[in-house]
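What follows is a single structure, written as structure tokens, with notes after it.
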């Protein structure tokens, strides 16, 4: 949980709710987020992305008019959604340490070495692996999430790249 007395960037553990096996070696006393909670948070963020896409399709269609086959509207709406969603992820995780999905699930993204919020650069790095897989080869997009489920510490490849981890918090 975040504690106002300990400062706005510190995170402490509610010891009664966290089994010892969930405590990471780094930042002792802070529990790593369960994979299932992360998956639900990702689903919520995916639904935010779908809502963004629908809004972009309506906006692009209203601004430029429908093309005969709809291709132009879809291409522009897809690119606009991709950029808006990237901003959503990078800005919210970088500045607040969480997206809407993580907020609902009570999760925070923190730096491994000191437990502080990741900042914009690390947040951008966290998005590289999923973004590259999404753009380059869509069927591999779930790969980092599957890798995390089987990894001992459940850190996902993009968390390793950015030096971050997802923890329980409020």
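Points to keep in mind about this one:
- Normalised per residue, the volume of the convex hull around the Cα set of segment 33-170 (Å³): 107 Å³
- Mean-position separation - Cα centroids, segment 47-63 and segment 108-170, in angstrom: 26 Å
- Put simply, when 60-66, 152-158 are sorted by average Cβ atoms within 10 angstrom per residue, most first, you get 152-158, 60-66.
- Each peptide among 110-117, 80-87, 93-100 gets the average number of other Cβ atoms lying within 10 Å of its residues, and from highest to lowest they stand as 93-100, 110-117, 80-87.
Values quoted throughout were computed directly from the atomic coordinates according to the rules given, and no laboratory measurement underlies them. In this text the structure is predicted, and so the values were computed from the model without any measurement. Using ideal geometry, Cβ is built from the backbone for each residue, glycine included, and neighbour counts are taken over all protein chains shown.
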